[in-house]
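Below is one structure; the comments refer to it alone.
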Amino acid sequence: MHVRYSYLSQQFADIGGLLAEIEALVRSGDFTLGEPLTRFEASFAALLGARHAIGVGSGTDALKLPLRALGIGPGDEVITTANTFIATVGAIAEVGATPVFVDCDDTFCMDVSQVEAAITPRTKAIMPVHYTGYMTDMPRLLEIAKGHDLPIVEDACQAILADIGGKPAGTWGIAGGFSLHPLKNLNVWGDGGVIVTNDDAMAAQLRLLRNHGMLNRDEIAVLGYNSRLDTLQAVVGNWLIGHTESIAQARIDNAQYYDDALGAIPGITLPPRTAGMRRVYHLYIVFAEDRDALLAHCLANGIEAKVHYPIPVYRQRALAHLGHREGDFPVADRHTQNIITFPCDQHLSKAEQDHVVATVREFYGARR
């Protein structure tokens, strides 16, 4: 049996109604900042219970623009986690600031207990990453941030509809950034992002920054960016956003099915499942003994398992100028050696999940 990783051919298998909406958009000529985008932003804000949602060109821009709106730039530092996709660090670098890393814990998110020691006079913001669909310990982080008068910009790109105690990812700080990349839980047909905020002044500044700083056709208030979410992508987003809750729940159900089966296999260790937190499993990751051999076994048996990521972000060559060495963030380093990602999306069948479980069980059974 083949267990694919990308589910896009299934998600967009029946798009007759969507194509009709796109045809209507083409006939309207309303291609930039159009009515479908306004509608999508309103729906996205309502989904998270936020005052404002601002569509932008990518998830990276959804992190960069709030930093720029806060006035963060060269000479400033932004604290983030050593275990994340490069876009988190890229957004910090794009405004000219320096990323300052803290290690993660076994939820794959920032180890909040290390944050206070990383704060310096140059620290201007904290950017937690709700990595894999887990959430950072936001109540504790918020307390630290308030004590040092530091804003929080959440990287919630992988965590739409995750929450702690019912409060969604992206709504804890001054702003939260989400990605609409094709493999995210709410996706479009290319790059796209959304920023949510409950701060009216931040929202107004973000709307300027995403559209060249234009107050109107003739007046430029600030130097901004060309980072509008395309109206075409908003049409796709409108088509899918009503399914976001069911997508999240399907992933949660699939993860529980895996947990029940894989957790009983010697050689597999599940991450901690923190009480009171809703995890939405953009990635389903477990810890595995002899991970590389298990990965090879899965691939040989038709399972498109992956490693997210074999090189932690702080050790990437592009960040060599920061002077970090292997061992600086030992938990992130350990994860590169023993984590494995299995498909967990909403289109996965139980037969496919059973094949994953049987293959893993076979691998460890043969070793004992």
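Quick look at the values:
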read-out	value
Ascending count of other beta-carbon atoms within 10 Å, so fewest first, for LEU206, LEU48	LEU48, LEU206
Backbone HN-Hα couplings from phi across the stretch 178-186 [Karplus 6.51/-1.76/1.60, Hz, Gly and Pro as x]	10, 9, 10, 3, x, 9, 7, 5, 10
Hz values of 3J(HN,Hα) by residue in the stretch 34-43 - Karplus curve (6.51, -1.76, 1.60), Gly and Pro given as x	x, 4, x, 5, 4, 5, 5, 4, 5, 5
Extension reserve of the LEU183-HIS148 stretch, reckoned as 0.36 nm per residue once the Cα distance is removed	9.0 nm
Spin-label model distance (nm) - ALA351 vs ALA42, 7 Å beyond Cα toward Cβ	4.4 nm
Shape call, the chain: gyration tensor on alpha carbons, a/c limit 1.5	oblate
DSSP beta bridge pairing in the chain, given as percent antiparallel to the nearest 5	65 percent
The stretch 229-267 versus the stretch 36-61: alpha-carbon centroid distance in Å	19 Å
Förster radius 22 Å - calculated FRET efficiency between GLN316 and ASN338, Cβ distance, rounded to 0.05	0.65
For THR81, distant residues with modelled amide H under 5 Å away	VAL102, VAL129
Cα gyration tensor, the stretch 228-368 - rounded (a/c under 1.5), prolate or oblate	oblate
Projected-area average for the stretch 81-176 over all orientations - Cα convex hull basis, square nanometres	5.6 nm²
Distance (nanometres) between label positions extended 7 Å along Cα→Cβ at GLU35 and ILE220	3.1 nm
Net charge over other residues, Cβ less than 11 angstrom from the Cβ of LEU65 (K, R count +1; D, E count -1)	+2
Under 5 Å, built H, 5+ apart or other chain: amide partners of HIS52	THR197
Per-residue HN-Hα couplings for the stretch 217-224 [Karplus 6.51, -1.76, 1.60; θ = phi - 60°; Hz; x = Gly/Pro]	4, 10, 10, 10, 8, 9, 7, x
Contour excess over end-to-end distance, with Cα ends at GLU289 and ARG122 and 0.36 nm allotted per residue	56.0 nm
Pairwise centroid distance, computed over Cα atoms, of the stretch 273-310 with the stretch 176-227, Å	33 Å
Computed lengthening from ALA296 to THR274, 0.36 nm per intervening residue step minus Cα-Cα distance	4.9 nm
Rounded, prolate or oblate (a/c below 1.5 giving rounded, otherwise prolate when a/b exceeds b/c) for the stretch 144-203 by Cα gyration tensor	prolate
Proximal lysines relative to LYS146, as straight alpha-carbon distance under 17 Å, when same-chain residues fewer than 8 apart are discounted	LYS124
Where labels lie 7 Å past Cα in the beta-carbon direction, separation of PHE12 and GLU245 in nm	2.6 nm
Sequence-distant residues sharing a close amide H with ARG228 (under 5 Å, placed H)	GLY57
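Since every read-out is calculated from the coordinates, none of them should be taken as a lab result. Because the structure is predicted, anything quoted here is derived from the model rather than measured. We place every Cβ from the backbone using ideal geometry, glycine too, and count neighbours over all the protein chains shown.
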